[in-house]
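Working notes for the structure below.
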Amino acid sequence: MRISFLGGGNMASALIGGLIDRGADASAIQAVDLLPESCARLAERFGVRAVTAIDEAFVDCDLLVLSVKPQQMREAIAPLSGKLSGQLVVSIAAGLRLDDLARWLGGYRRLVRCMPNTPALIGAGVSGLYADPSVDARGRDAAESIMKAVGSVVWVEHEPLIDAVTAVSGSGPAYVFHFIEALEAGGRSLGFDEATARRLAIDTMLGSARLAAASDEPPGVLRERVTSKGGTTEAALASMAQSGVFEAIVRAIAAAEARGRELGDALGRD
Ligand SMILES: NC(=O)C1=CN([C@@H]2O[C@H](COP(=O)(O)OP(=O)(O)OC[C@H]3O[C@@H](n4cnc5c(N)ncnc54)[C@H](O)[C@@H]3O)[C@@H](O)[C@H]2O)C=CC1
Ligand SMILES: O=C(O)[C@@H]1CCC=N1
């Protein structure tokens, strides 16, 4: 499958890197990015063709990933209006709705909305997908197979649920990195050097996530198994409860979802 990326920033790099590491042919992947330095980085890092403007070779693909920022999208895809014929277009932009993308593309509706996340770079991503009802099974399979190459895939039944996927797993790695930062800071404050505190923090996240993935028990049961009555974990969890950590995270996810809808409303009005 020939894949073109419009926008070669963080998320496109994670997807391209993940695809190539998993055996995709670099010559079947290309990118357009306004910045010459981004193009040079993509070409050097992944051996893909990367140019600063949309040309015929770029449009001549099977799957076109729209990977610019939501605020950059309308301008970025304007040159594609009227030029598409059969390519499956997959937008990974937060918030932007298929109706608005279709309008900006001159009525083109072979569209899928996808919300990946950056662990795709190491083949450990998770993506939510929603296809325009006009997309056939072949199109859905194509989108799914690309995203499955870099992680797991969840289809959602209604487009607004993509904003919910964005809030949980699209933005989610940032929450997890933040938690690692806090674990590391806690370790540092108790006297560990940076490298040791980071090792303890990262390996704890990694091991716990792997255990949760491997276990038939829900995370709450695994948590209880760590928490001895009158012990150290209980003291820590009581402190977290007093600070409202759990509710704060649930509220943060709601804020991310609301921001996605707000972006869709504001940018779709244009
Ligand atoms: N970073 C993340 O973790 C995730 C990002 N996304 C979505 O992916 C999209 C890209 O996000 P990032 O990669 O983080 O942003 P980024 O800023 O790293 O990448 C965007 C790239 O698009 C380029 N660009 C801007 N206007 C352009 C144009 N007219 N033509 C060609 N290239 C243009 C920029 O030079 C930049 O390199 C966003 O829509 C975001 O919502 C989705 C899931 C996760
Ligand atoms: O922060 C953002 O808007 C994008 C979407 C999900 C992750 N990064």
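The values are calculated or read from the model by the stated rules, or taken from the named source; none is laboratory data. All of these numbers come straight from a predicted model, not from anything done at the bench. In this analysis, Cβ positions are derived from the backbone assuming ideal geometry, glycine residues included, and neighbour counts consider all displayed protein chains.
Things to note:
- Any chance Ala213 is loosely packed, with under 10 Cβ neighbours inside 10 Å and modelled with pLDDT of 95 or more: yes
- Any chance Arg45 is more than 9 Å from ligand 1 (Cβ to nearest atom) and under 27 Å from Arg259 (Cα atoms): no
- Considering Leu222, Leu267, the condition of being assigned to a helix (DSSP H, G or I), of a type outside the set (D, E, K, R) and not assigned by TED's automatic domain parsing to the domain that holds Glu181 is satisfied by Leu267 alone.
- Against the conditions (1) near ligand 1 (Cβ under 9 Å from one of its atoms); (2) touching a Cys at 6+ places or on another chain (Cβ under 8 Å), Arg2 satisfies every one except (1).
- Scanning region 204-219 for residues that are outside any helix (DSSP H, G or I) and of a type in the set (S, T, N, Q) gives a single hit, Ser215.
- The set of residues in region 18-61 being in contact (Cβ under 8 Å) with a residue 40 or more places away in the chain and under 20 Å from the mean Cα position of the chain (by Cα) consists of Gly18, Leu19, Asp21, Arg22, Ala24.
- Looking across Ala201, Ala164, Ala238, one residue alone is among the aliphatic types (A, V, I, L, M), more than 16 Å from ligand 1 (Cβ to nearest atom), assigned to a helix (DSSP H, G or I) and surrounded by 14 or more Cβ atoms within 10 Å (Cβ to Cβ). It is Ala201.
- Flag for Ala241 being of a type outside the set (Val, Ile, Thr), over 30 Å from Val68 (Cα atoms) and over 28 Å from the mean Cα position of the chain (by Cα): yes
- Options Ala248, Ala195, Ala235: the member that is under 19 Å from Tyr175 (Cβ atoms) and among the small types (Gly, Ala, Ser): Ala248
- If you filter region 105-121 down to residues that are at pLDDT 95 or above and of a type in the set (A, V, I, L, M), you find that the one that is farthest from ligand 2 (Cβ to nearest atom) is Leu105.
- Taken residue by residue, region 65-83 has no member that is under 21 Å from the mean Cα position of the chain (by Cα), away from ligand 1 (no atom under 16 Å from the Cβ) and in contact (Cβ under 8 Å) with a residue 40 or more places away in the chain.
- Residues in region 89-129 that are of a type in the set (A, V, I, L, M) and near ligand 1 (Cβ under 9 Å from one of its atoms): Ile92, Ala93, Ala94, Leu96, Met115, Ala120.
- Ile253 vs. criteria touching a residue at least 60 places away in the same chain (Cβ under 8 Å), of a type in the set (Val, Ile, Thr) and either surrounded by 15 or more Cβ atoms within 10 Å (Cβ to Cβ) or touching a helix residue (DSSP H, G or I) at 6+ places or on another chain (Cβ under 9 Å) (or both): yes
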